Amino acid sequence: MMTPRRPVFKAIWLFALLAMATTPAAAAAAPALADAAGNYRIASSSTVQFSVPQTGGGGGIAGKFAKFSGGFRIDGSNIERSSVEFTLYPESVRSSERRIEDFLRSSAVFDTANYQTVTFRSTSVTQTGADSATVVGTLTARGKARKERFEVTLTDWNKRSIAFTIRGSIRRAPYGMDVGTPIYSNVVEFDMNIRGQKR
Amino acid sequence: MLRNSESGFGAVTIVLHWAIAVLILGLILLGFVMRRTEIDPALQFSLYQWHKSFGFTVLGLAVLRAVWWSIERNPAPPPGLGPLEHTAAQIMHRALIVLALIVALAGWAVASTSTLNIPSFYFNLIVIPHLPLRQSEASEAFWTFAHALLAYLMLGLVAGHAAAAFYHHFLRRDEVLVRMLRPGARRRDAKTFNTQENDDTLVERK
Ligand code: HEM
Ligand code: HEM
């Protein structure tokens, strides 16, 4: 759909981004780093959507996760020292029909009976533009931890909250979730709108 | 050898018959296991896809067989077959020819109407499009039922059909089954025909 075809995965949270207030062009959109600095809790109004394209075109599988939690810290002196941590509860997966949700929860995919959470913990944040950043971190699902990458773009901010879109393409096979390939793509596209509320 | 003759089946008829027979029996077993037993969901997903691929293979072969059967001559009934038996066999064969086609088509209709909209990726090689039927829960339920009912009905007929073949072979000791095994098979020794005692002549017929 979008984004580079690099592995990456689910939820993430980033934040990072803000442009430096010193960059005149970006000044209107992005807050001064000092203003944005702080600890944020990921608000439940955030959305975490995913889609898996299918062979021969057609909708593929699309869905979202209703339950997640996490937070991030934007470092006031160096954005690259910011961090994020995110937990997703795959039991809360929603899709177009019950059969698909049950299948996603089953041992074929998330195996929610044995693994209640999917987590992401950032290891590095790299600013890539006035209002964008790349967040790399460890994604853990079904007991497997791998390095994944997400692209973050600032969309909105005010004194108390800040919002980003976060995208990533995650290969599912390494997590033991290769069921349905090659009918369904190995690459899951994540598209999240994450809003952080200052603590 | 390829064509049927006055007295027996040619290789084309025989190969189609057994290929379809093996695939159909395998598909019924597979269909039952994947749908009605507790199995690992990932394995179940794969079995469905195998079922569809082999099912399409049967559909292709069944079309060939139906065409071949209608243009090719029918061998004369084996000697010793009463007119009633002959008619019963003819009806059975027609029913099996038609059922193989419609069971497979009904399966295709299940895949096509399912709201899951899972592509049929024939042996992971090419996508076979869905039939132009509307996807809805009701229509998927209908075709699922029709496909299952017709498949098990066909299984019942096949049981009768195979039982008749074995009856002819082991009890009547005529050439019915042998004809379907070897192209242009000779008649069984005339002497053993219609006699139930004389084992020796039968035993090692090659
Ligand atoms: C002559 C060939 C075929 C035979 C004998 C056959 C037989 C069966 C049987 C016995 C079942 C299980 C029914 C039950 O217990 O409820 C089944 C299910 C099924 N078959 Fe076939 N099948 C054939 C061809 C196909 C084809 C060509 C397709 C699709 C392209 C197909 C798709 C399905 C599907 C999707 C199911 C599962 C239905 C459900 O779970 O809702 N079949 N088949
Ligand atoms: C174990 C299983 C089977 C056995 C032992 C068997 C045996 C036979 C035999 C001996 C014949 C020749 C009958 C004659 O000379 O008129 C025959 C014909 C036929 N069988 Fe089967 N069969 C089996 C399974 C099947 C299955 C699964 C189907 C299809 C769905 C099928 C469809 C037919 C048809 C259509 C004919 C007529 C062929 C023609 O006239 O060209 N059979 N079978």
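Quick check on chain B: helices-only [θ] at 222 nm, where DSSP H runs of length 4 and up contribute -39,500 (n - 2.57) each and the sum goes over total residues. Nearest 500, please.
On the way: 6 runs with 126 residues, N = 206.
That calculation yields -21000 deg cm²/dmol at 222 nm.
Excluding A:Gly71 itself, calculate the net charge of residues whose Cβ lies under 9 Å from the Cβ of A:Gly71, where each Lys or Arg counts +1 and each Asp or Glu counts -1.
With Lys, Arg at +1 and Asp, Glu at -1, the neighbours total +2.
Please tell me the relative contact order of chain B in percent, rounded to the nearest whole number, where contacts are Cα pairs under 8 Å and at least six residues apart.
Over chain B, the number comes to 25 percent.
Suppose every Lys and Arg Cβ carries +1 and every Asp and Glu Cβ carries -1, with no other charges. What dipole size does the protein assembly as shown come out with about its Cα centre, to the nearest 20 debye?
600
So how strong a dipole does chain B carry about its Cα centre when Lys and Arg Cβ are +1 and Asp and Glu Cβ are -1, to the nearest 20 debye? Walk me through the numbers on the way to the answer.
Working: 18 positive and 14 negative charges, 96 e Å.
It comes to approximately 460 debye.
For the range A:35-198: lysine pairs with Cα atoms under 24 Å, gap of 8 or more or different chains, count?
6
Defining a contact as two alpha carbons under 8 Å apart and six or more residues distant in sequence, what relative contact order in percent does the range A:35-198 show? The partial results should precede the final answer.
Values: 394 pairs, mean separation 41.3, N = 164.
Computed over the range A:35-198, the figure is 25 percent.
Hey, got a sec? Which trypsin sites (Lys or Arg not before Pro) in the range B:13-103 land in a DSSP loop and have at most 13 other Cβ atoms within 10 Å?
Hits after loop and neighbour filter: B:Arg73.
When Cβ neighbours within 10 Å are restricted to other protein chains, what is their mean count per residue of peptide A:181-188?
Partner-chain Cβ atoms within 10 Å, mean over residues of A:181-188: 2.
What FRET efficiency comes out for the pair B:Trp18/B:Thr87, r = Cβ-Cβ distance, R0 = 30 Å, nearest 0.05?
Between B:Trp18 and B:Thr87 the formula returns 0.80.
Could you work out the local net charge near A:Thr165, counting Lys and Arg as +1, Asp and Glu as -1, over the other residues with Cβ closer than 9 Å to its Cβ?
Local charge sum for A:Thr165: -1.
Name the GluC sites (Glu not before Pro) in the range A:48-133 that are in a loop by DSSP and that have at most 13 other C-beta atoms within 10 Å, would you?
Values: sites: A:Glu80, A:Glu85, A:Glu91, A:Glu97, A:Glu101; in loops: A:Glu97.
Within the range A:48-133, the qualifying GluC sites (Glu not before Pro) (loop, at most 13 other Cβ atoms within 10 Å) are A:Glu97.
Which of B:Thr113, B:Leu101, B:Gly80 sits closest to the plus end of the dipole of the protein assembly as shown, meaning its Cα is farthest towards the positive end, when Lys and Arg get +1 and Asp and Glu get -1 on the C-beta?
B:Thr113
Quantify how strongly other chains surround peptide B:38-51 by giving the mean number of their Cβ atoms within 10 Å of each of its Cβ atoms.
Shielding by partners across B:38-51 averages 3.
Could you please report the charge total around A:Ser44, scoring K, R as +1 and D, E as -1 over all other residues with beta-carbon less than 13 angstrom from its beta-carbon? Don't jump to the answer; show the numbers that get you there.
Working: positive: A:Arg41, A:Lys64, A:Lys67, A:Arg195; negative: none.
Net charge around A:Ser44: +4.
For A:Gln116 and A:Ser92, calculate 0.36 nm times their separation in residues minus their Cα-Cα distance, and state this gained length in nm to one decimal. Before the final figure, lay out the partial values.
Numbers: separation 24, 0.36 × 24 = 8.64 nm, distance 1.00 nm.
Computed gain between A:Gln116 and A:Ser92 is 7.6 nm.
Per-residue Cβ counts within 10 Å, from other chains only, averaged over A:98-106: what number is that?
Working: counts 0, 3, 2, 0, 1, 5, 1, 1, 5.
Going residue by residue through A:98-106 and averaging, the value is 2.
Against the longest principal axis of chain B, how steep is helix B:83-113, in degrees 0 to 90 to the nearest 10, with axes from Cα atoms?
Taking Cα atoms only, the helix is inclined about 20 degrees.
No value in this document is a laboratory result; all are computed from the given coordinates. For clarity, every value in this text was computed on a predicted model and none was experimentally measured. Neighbour counts run over all protein chains shown; Cβ positions are idealised from the backbone, glycine included.
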